[in-house]
Amino acid sequence: MADLEIVRIPVLADNYIWLVHDAGSGETMVVDPALADPVLAEADGRGWKIGAVWNTHWHPDHTGGNAGIVAATGATVIGPAAEADRIPTLDVLLREGDVVHLGRHSAAVLETPAHTSGHISFHFAQAGALFCGDTLFAMGCGRLFEGTAEQMFANMQRFAALPDDTLVYCTHEYTASNGRYALVAEPDNGAIIDRMAAVTRARAAGEATVPTTIGLERATNPFLRASSAEVLRARRTAKDGFTG
């Protein structure tokens, strides 16, 4: 990914915070910090100064570290305009079509509501990276807390149109549980069977399973593969009650 460095910081039970650094300019930002201290420690250890916080949505496990990072670094906080009333630390309000920058790298702001009403994602087209918060997961999608299946289906269609090698930086380690449901949703999908074997080995070794790629999700994600909003709704409802 050229000179864009992306560091995964695991926190809480299953959250991932993404620390992103542009080596050319020396600029650093953080995506969805649940906590401040682990992020500040990681950045300090690498000699990076955080200049911005990028939020995808308002949930506390994505914004809880905002204030602490701002206090320590003076960072600017950017995030969804539609959720400004629920992210009090926001400085810059973002909408569909806006473009944000980290050094020489540019990311398009995509409105991807459904998990929350104002959820956004960040797509670095040239770098081939997607920061999608809780919209798309490895073999899964976010719960429909504040939106509809129609919205989530539109998000999935939009993501599915991205290049196969696009790296997907979601914010939770849900792959094993998502995969167990995927095996039920598409029991004859050999790609899911093979992927779950790899996921099981990785998790047993304590390894992360994200980032993933759009190509891998297109082959194995029952939500990205849903043929309609109705199918996605049925799968999301089934997954919400799934205990396998």
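Bear in mind these aren't lab numbers, they're just calculated from the coordinates by the rules spelled out. Every value quoted in this text rests on a predicted model; they were computed, and no experiment measured them. All Cβ positions, glycine included, derive from the backbone under ideal geometry; neighbour counts span all protein chains shown.
Based on the alpha-carbon gyration tensor of segment 111-231, what equivalent-ellipsoid semi-axes (square roots of 5 times the eigenvalues) come out, in whole Å, largest first?
Equivalent ellipsoid of segment 111-231: 21, 17, 13 Å, largest first.
Using Cα pairs closer than 8 Å and at least 6 residues apart in sequence, work out the relative contact order for the chain, in percent.
Contact order relative to length: 14 percent.
Mind ranking 151-157, 162-168, 133-139 by how tightly packed they are, going by the mean number of other C-beta atoms within 10 angstrom, highest first?
Highest-to-lowest ranking by the protection proxy: 133-139, 151-157, 162-168.
How do 202-214, 226-238 rank on mean C-beta neighbours within 10 Å, highest first?
Packing proxy ranking, top to bottom: 226-238, 202-214.
Which value, in Å³ per residue, describes the convex hull spanned by the Cα atoms of segment 48-155?
That works out to 110 Å³ per residue.
Can you list the equivalent-ellipsoid semi-axes of segment 68-131, largest first and in whole Å, using the square root of 5 times each Cα gyration tensor eigenvalue?
So the equivalent ellipsoid measures 19, 17, 9 Å along its semi-axes.
Within a Cβ distance under 15 Å of residue 227, other residues only, what is the Lys/Arg minus Asp/Glu net charge?
After counting each charged neighbour, the total is +2.
Helix 37-46 versus the longest principal axis of the chain: what is the Cα-based angle in degrees, 0 to 90, to the nearest 10?
The two axes meet at around 70 degrees.
Highest mean first, how do 77-90, 105-118 rank when packing is the count of other Cβ atoms within 10 Å averaged over residues?
The densest-packed peptide leads the list: 105-118, 77-90.
Could you tell me how many cubic angstrom of Cα convex hull volume segment 27-87 has per residue?
Output value, Cα hull per residue: 66 Å³.
Over the C-alpha atoms of the chain, what are the Rg and the largest Cα-to-Cα span, Dmax, in Å?
Cα radius of gyration and Dmax of the chain are 17.2, 52 Å respectively.
To test your reading of the geometry: what angle, between 0 and 90 degrees and rounded to tens, separates the Cα axis of helix 229-240 from the longest principal axis of the chain?
The helix 229-240 is inclined about 80 degrees to the chain.
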